[in-house]
Amino acid sequence: MSCSKNRILAINPGATSTKIAIYEEETLLFKKIVEHSVKDLKEFSSIFGQYEYRLNLVLEALKEESTELNTLTAIVGRGGLLKPLLGGTYGVNEKMVDDLKRAEQGEHASNLGAVMAWNLANQLNIPAFIVDPVSVDEMEPVARISGLSDLRRISLSHALNMKAVARKVAKEMDKKYEEVNFVVAHLGTGVSVTPHKKGKMIDVNNAMAEGPFSPDRCGGLPADQLVKLCFSGKYTYEELKEKLIRKGGLYSYFGTMDVREVEALAEKGNEEANIVLDALAYQVAKEIGAMAAVLMGEVDRIILTGGIAYSQRIVNDIIKRVKFIAPIEVVAGEKELQSLALGALRVIRGEEEASLYS
Ligand SMILES: Nc1ncnc2c1ncn2[C@@H]1O[C@H](COP(=O)(O)OP(=O)(O)OP(=O)(O)O)[C@@H](O)[C@H]1O
Ligand SMILES: CCCC(=O)O
């Protein structure tokens, strides 16, 4: 059966959830968020091990909604840790799928998005896309210098949501994204803080390794102590990597990635919960200040987004430290599914050409 309007299936595999939606043109027809607990994902030793599990959840959700796959025009997935690329919509191809399967740039749940989209779209003979993947790299040359000639800074961030909310706020200001300067802080399971200069993310704390800690990541650490820990014999390489990325941050202190649970502890008088939550807001505010300096103080708005932006406590703590820089907009949650669908629609309608991944 074919449908005269464009119908897009958007798939967003995240660290703690798989989110899916169907859009008919710009209209949301259906949305489902399947949460994954640490226990659900524990049995999988790699992100790719989760492929069948997450795909079946997507197919079950579509079945529950009685959505026939053959009514779809295109499928769009969240792009993962690919080679560094400019922002925009990319057609999924074999090279991209191979790179994601090899996880050359690292393991991340979003690596599954393009692969799910590609496999389903091939069965249906329709196109598959990704939009603004995690590896969007628009950094200026000066931002790439690490301070050690062996290492260079890389750009891994929540580009999809940050660019989507930046476009939304620019529109509300009657401006184009390409006309404004923003500092955008995405506060999710991972944390990215980025200066957006006239439509380009010219720097970012690599959300897997730098900047503020997050619910499951340690952020930047004292390098000398980390080196000692690496050679202490206490942990294997794999254990330490997991400790830094999936079991760092709030998880390392409280065994949960849920800010609400840590807030509940703090409310019950747990002093450590109080100070660690204060530190999360403090580190985010500090990073916003650094990115404002990158923009030489020419900041039209600071935007706070992601799931933690629902937390009144953390948002208020950040605002009190950075309000001297620029007006602040809070766009709690994320616009990733909508942004994926819009990116695919722009290409299907011929408003934008899909970039080629090579
Ligand atoms: N109402 C709320 N108050 C406080 N924290 C919240 C609230 N809702 C969600 N969060 C927190 O937001 C975090 C998850 O954010 P989000 O849903 O943006 O992450 P994700 O999609 O799993 O990962 P990422 O954003 O890194 O891709 C969790 O720590 C969660 O506890
Ligand atoms: C690397 C950006 C995405 C995330 O932190 O989950």
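The values are calculated or read from the model by the stated rules, or taken from the named source; none is laboratory data. Quick caveat, the model's predicted, so the values are computed rather than measured. So basically every Cβ, Gly included, is an ideal-geometry build from the backbone, and we count neighbours across all protein chains shown.
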Sort out which residues of the stretch 286-306 are in contact (Cβ under 8 Å) with a residue 24 or more places away in the chain and outside any helix (DSSP H, G or I), and write them in order of number. 295, 297, 298, 299, 300, 301, 302, 303, 304, 305, 306
Of the residues in the stretch 3-28, those that are assigned to a strand (DSSP E or B) and surrounded by 14 or more Cβ atoms within 10 Å (Cβ to Cβ) number 15
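To keep it simple, each residue is scored yes or no on (1) of a type outside the set (A, V, I, L, M, F, W, C); (2) farther than 18 Å from residue 14 by Cβ; (3) away from ligand 2 (no atom under 16 Å from the Cβ); (4) not assigned by TED's automatic domain parsing to the domain that holds residue 340.
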{"residue": "179", "(1), (2), (3), (4)": "yes, yes, yes, yes"}
{"residue": "187", "(1), (2), (3), (4)": "no, no, no, yes"}
{"residue": "209", "(1), (2), (3), (4)": "no, yes, no, yes"}
{"residue": "220", "(1), (2), (3), (4)": "yes, yes, no, yes"}
{"residue": "227", "(1), (2), (3), (4)": "no, yes, yes, yes"}
{"residue": "232", "(1), (2), (3), (4)": "yes, yes, yes, yes"}
{"residue": "236", "(1), (2), (3), (4)": "yes, yes, yes, yes"}
{"residue": "239", "(1), (2), (3), (4)": "yes, yes, yes, yes"}
May I ask you to say which residue of 259, 204, 191 is within 16 Å of ligand 2 (Cβ to nearest atom) and in contact with a Gly (Cβ under 7 Å, 6 or more places away or on another chain)? 191
The listed residue being in a loop (DSSP other than H, G, I, E, B), in contact with an Asp or Glu (Cβ under 8 Å, 6 or more places away or on another chain) and more than 13 Å from ligand 1 (Cβ to nearest atom), out of 233, 220: 220
Screening 273, 341, 264, 309 for residues that are more than 16 Å from ligand 2 (Cβ to nearest atom) and under 30 Å from residue 180 (Cβ atoms) leaves only 341
Of all the residues that make up the stretch 317-358, how many are among the aliphatic types (A, V, I, L, M), in a loop (DSSP other than H, G, I, E, B) and buried (at least 17 other Cβ atoms within 10 Å of the Cβ)? 3
